[in-house]
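A.B. asks: The structure follows.
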Amino acid sequence: MPRQSVLVLDFGGQYNQLIARRVRECSVYCEVKPYTISLEEIRAFDPIGIIFTGGPNSVYDEKAPHVDPAIFTLGVPVLGICYGCQLMAQALGGEVTAAQADTAREYGKTETFYDTGCRLFKGLPESGISWMSHGDYMAKVPEGFALVGRTEACPNVAIADEKRGFYGVQYHPEVNHTEHGVDMIRNFLYEVCHARGEWTMGDYKDTAIAAIREKVGSGKVLLALSGGVDSSVAAALLAEAVGKQLTCVFVDHGLLRKDEGDEVEAAFSRWDLNFVRVDAETRFLLKLAGVSEPEHKRKIIGEEFIRVFEEEAKKIGAVDFLAQGTIYPDVIESGAGDAAVIKSHHNVGGLPDYVDFKEIIEPLRMLFKDEVRQLGRELGLPEYLVSRQPFPGPGLAIRVIGDLTKEKLDTLREADAIYRQEIAAAGEDKNINQYFAVLTNTRSVGVMGDGRTYDYTLALRAVTTSDFMTADWARIPYDVLDKISTRIVNEVKGINRIVYDITSKPPATIEWE
Ligand code: XMP
């Protein structure tokens with residue numbers, strides 16, 4: 001039986017990959033394609049359903065993206081979200097206007113009422129919070145459509161033409177803030193598109209392996225391996241795809257956590273793959289000397305990584321492909337498409353303009369962290385590698401605030417090791433998704449053994465999150481924090497004060513730089 005697929009048509013919204021991820025979560029295969037894809041290509045793709053994403057435009061803007069109206073004659077159900085909803089309404093003869101101030105313009109969490117007789121809301125509560133983000137308003141709903149969702153301010157936040165299988169919602173069902181949003185997507189897939197729900201991460205693995213083989217052919221691949229979850233999963237995937245054509249290069253840039261270099265080497269040397277460890281501490285620290293601006297640090301590290309890989313590739317000879325374990329949040333936060341740059345993740349925005357490889361392969365580019373872990377398990381990676389907390393490519397360079405020295409890095413390494421030991425000893429590591437210490441550049445006065453100290457302040461960071469795009473600070477018990485603080489101040493020279501970071505993301509980010 002041919003595979004069922006859903007097409008997500010991308011109109012430039014912020015949450016497009018999140019929509020795709022929700023579809024995968026419902027066990028249905030999907031692909032995100034630009035809205036410019038031709039009707040013939042859509043026909044060839046043969047989707048069981050099409051989802052129009054949101055987007056930053058207004059449908060009546062001159063340059064607003066549009067679709068070929070013939071898409072509505074394919075006999076394929078369509079779910080339009082936000083801009084996608086307005087686009088569909090307009091294309092089918094409705095009317096969309098800019099909402100007059102304070103009438104139908106809505107942003108954020110909004111109490112919404114649903115018609116549960118509609119297939120989209122089947123089996124769901126009659127009301128709930130939805131996440132709105134629209135400045136436009138459907139003044140006239142197209143013929144054949146019924147109003148199936150409303151808010152206090154707006155009578156038509158959800159519309160449906162059940163006969164043709166066309167649905168439009170002004171809010172974002174794909175974000176966590178929308179209660180039962182995933183269930184609405186599931187209803188669209190199962191009740192409307194008759195999905196069989198056969199897709200699994202195992203299928204993703206097979207598809208990714210086939211795609212890598214096709215691209216690489218008999219070429220050689222060099223993988224930038226950090227030993228973190230993402231690059232380890234990428235290593236396993238590539239090893240399965242191209243075997244010994246792959247060489248994993250682990251760059252020890254001197255910015256790793258305590259004992260990490262040896263641990264990574266021990267873990268990977270047990271596998272049957274080409275593994276190279278490069279000791280590059282001196283060259284990285286030289287390049288970073290005197291640099292304190294976070295984006296500058298990231299760019300230097302990104303560039304230096306590539307230069308090391310290029311040198312290693314020359315030693316191997318005829319390496320065409322550089323592979324990286326980039327995942328979706330790295331892509332979006334580095335500013336993909338119209339999204340703003342939050343940080344240049346070293347393996348995306350930190351890349352130098354010139355890279356001496358024919359091509360870069362990023363097989364995890366569309367996956368979220370928890371999906372990567374799932375894939376890792378599918379590939380048979382050991383649990384301790386798959387469930388490791390994330391560690392950023394630029395390493396401790398972005399956890400020592402301001403300019404870097406080896407001495408500061410060593411201080412941070414010691415303090416961070418104690419923090420991690422105590423969190424694990426207290427069993428808190430099961431509740432926290434990421435935790436680490438940050439050496440601030442603030443010094444303050446303390447008193448130790450009757451003497452004055454003037455030492456650094458260390459910040460402890462711990463967050464709970466499912467996707468690392470948003471996060472809450474973890475409620476670590478006071479007595480655990482107390483033990484950590486006491487041990488660090490007593491055991492680590494150069495630190496005399498500990499603070500605990502109680503900001504969520506947003507408005508803060510997880511890392512400090
Ligand atoms: P932020 O600080 O942006 O971090 O909230 C989100 C997640 O990404 C990790 N992170 C990085 N990972 N290269 C990476 O591979 C990077 O440059 C980078 N910067 C942040 C961070 O540790 C958190 O898990």
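The values are calculated or read from the model by the stated rules, or taken from the named source; none is laboratory data. Keep in mind the model is a prediction, meaning the values are calculated, not measured. For neighbour counting, all protein chains shown are included, and Cβ atoms are generated from backbone atoms with ideal geometry for every residue, glycine included. All accessible areas refer to the heavy atoms of the entire protein, side chains included, with ligands and DNA or RNA removed. Shrake-Rupley method; radii C 1.70, N 1.55, O 1.52, S 1.80 Å.
A.B. asks: Tally the DSSP beta bridges in the chain and give the antiparallel ones as a percent, rounded to 5.
C.D. replies: If we restrict to bridges inside the chain, about 50 percent are antiparallel.
A.B. asks: Which whole-number value in Å² is the accessible area per residue of segment 5-192, probe 1.4 Å?
C.D. replies: Accessible area per residue, segment 5-192: 41 Å².
A.B. asks: Take the solvent-accessible surface of the protein heavy atoms, probe 1.4 Å, and return the percent of it on the chain that carbon and sulfur atoms account for.
C.D. replies: C and S atoms contribute 49 percent here.
A.B. asks: Still on this structure: Would you count, across segment 109-220, every pair of lysines whose alpha carbons are under 22 angstrom apart, provided the pair is eight or more residues apart or spans two chains?
C.D. replies: 5
A.B. asks: Considering Cα pairs under 8 angstrom that are at least six residues apart, work out the relative contact order of segment 204-258 and quote it in whole percent.
C.D. replies: That works out to 42 percent.
A.B. asks: Per residue, what accessible area does segment 201-386 have, given a 1.4 Å probe and all protein chains present, in Å²?
C.D. replies: Per-residue accessible area for segment 201-386 comes out at 41 Å².
A.B. asks: Between Glu152 and Lys406, 0.36 nm times their residue separation minus their Cα-Cα distance comes to what?
C.D. replies: Roughly 85.5 nm would be gained on extension.
A.B. asks: Let me ask something else about it. With each label point set 7 Å from Cα along the Cα-Cβ vector, what nm distance links Arg196 and Glu126?
C.D. replies: It works out to 3.8 nm between the two label points.
A.B. asks: Next question. Under 5 Å between amide H atoms, partner at least 5 residues away or on a different chain: which partners does Asn274 have, H built in plane at 1.01 Å?
C.D. replies: Cys248
A.B. asks: Same structure, new question: Would you calculate the volume per residue, in Å³, of the smallest convex hull containing every Cα atom of the chain?
C.D. replies: About 172 Å³ per residue, rounded to a whole number.
A.B. asks: Follow-up question, since we're still on this one. First measure r as the distance between the Cβ atoms of Arg377 and Lys109, then evaluate 1/(1 + (r/R0)^6) with R0 = 45 Å and state the FRET efficiency to the nearest 0.05.
C.D. replies: It comes out at approximately 0.85.
A.B. asks: If you don't mind, there's one more thing I want to ask. How long is the gain from Ala289 to Thr464 if the chain were fully straight, where each residue apart is worth 0.36 nm and the alpha carbon distance is subtracted?
C.D. replies: 59.7 nm
A.B. asks: Name the residues whose placed amide hydrogens come within less than 5 Å of the amide hydrogen of Leu404, ignoring near sequence neighbours (fewer than 5 apart) on the same chain.
C.D. replies: Amide H neighbours of Leu404, under 5 Å, 5+ apart: Gly290, Val291.
A.B. asks: Tally Lys/Arg at +1 and Asp/Glu at -1 over every other residue whose Cβ is under 13 Å from the Cβ of Gly243; what's the total?
C.D. replies: With Lys, Arg at +1 and Asp, Glu at -1, the net is +1.
A.B. asks: Hey, another quick one. Counting only residues 5 or more places away or on other chains, whose amide H sits under 5 Å from the amide H of Ile51 once H atoms are built in the peptide plane?
C.D. replies: Here Leu7, Val8, Leu9, Leu79 satisfy the definition.
A.B. asks: Tell me which trypsin sites (Lys or Arg not before Pro) from segment 441-513 have a DSSP coil assignment and no more than 13 other beta carbons within 10 Å of their own.
C.D. replies: Here the sparse-neighbourhood loop sites are Arg475, Lys493.
A.B. asks: While we're looking at this one, here's another question. For segment 1-139, what does the alpha-carbon gyration tensor say about shape, rounded, prolate or oblate, given a ≥ b ≥ c as the root eigenvalues, a/c under 1.5 as rounded, and a/b over b/c as prolate?
C.D. replies: In terms of gyration-tensor shape, oblate.
A.B. asks: Taking θ = phi - 60°, what integer Hz values does the Karplus form 6.51 cos²θ - 1.76 cosθ + 1.60 yield along segment 498-508, in sequence order, with x for Gly and Pro?
C.D. replies: Each residue of segment 498-508 in turn: 10, 10, 10, 7, 10, 10, 8, 10, x, x, 7 Hz.
A.B. asks: From the phi angles alone, apply the Karplus equation (6.51, -1.76, 1.60; θ = phi - 60°) to segment 202-219 and give each ³J(HN,Hα) in whole Hz, x where the residue is Gly or Pro.
C.D. replies: x, 5, 4, 4, 4, 5, 5, 4, 5, 5, 5, 4, 5, 5, 7, x, 9, x
A.B. asks: May I ask you to derive the FRET efficiency for Gln389 and Glu143 from their Cβ-Cβ distance with R0 = 41 Å, giving the value to the nearest 0.05?
C.D. replies: Given R0 = 41 Å and the Cβ-Cβ separation, E is 0.15.
A.B. asks: Further question on the same structure: In segment 15-88, which GluC sites (Glu not before Pro) are in a loop and have at most 12 other Cβ atoms within 10 Å, using DSSP for the loop call?
C.D. replies: Listed in order of number, the matching sites are Glu62.
A.B. asks: Over the chain, what is the mean sequence separation of C-alpha contacts under 8 Å (at least six apart), divided by residue count, expressed as relative contact order in percent?
C.D. replies: Contact order relative to length: 10 percent.
A.B. asks: Sticking with this one: How big is the dipole moment of segment 153-205 about its Cα centre under a simple scheme where the beta carbon of each Lys and Arg is +1, that of each Asp and Glu is -1, and everything else is neutral? Debye, nearest 20, please.
C.D. replies: It comes to approximately 140 debye.
A.B. asks: Given only helices, namely DSSP H runs of n ≥ 4 each adding -39500 (n - 2.57), what is the per-residue ellipticity at 222 nm of the chain, to the nearest 500 deg cm²/dmol?
C.D. replies: -9500 deg cm²/dmol
A.B. asks: Please report how far the C-alpha centroid of segment 254-317 lies from that of segment 146-222, rounded to the nearest whole angstrom.
C.D. replies: 39
A.B. asks: Enumerate the residues in segment 366-380 having an amide nitrogen under 16 Å from the point lying 7 Å beyond the Cα of Trp271 toward its Cβ.
C.D. replies: Within reach of a label on Trp271: 372-380.
A.B. asks: Normalised by the residues of segment 399-500, what does the relative contact order come to in percent, with Cα pairs under 8 Å and at least six apart?
C.D. replies: 29 percent.
A.B. asks: Now, a different point. Find how much the distance from Ile316 to Asp46 grows on full extension, using 0.36 nm per residue of separation minus their present alpha carbon separation; answer in nm with one decimal.
C.D. replies: Using 0.36 nm per residue and subtracting the Cα-Cα distance, I get 92.9 nm.
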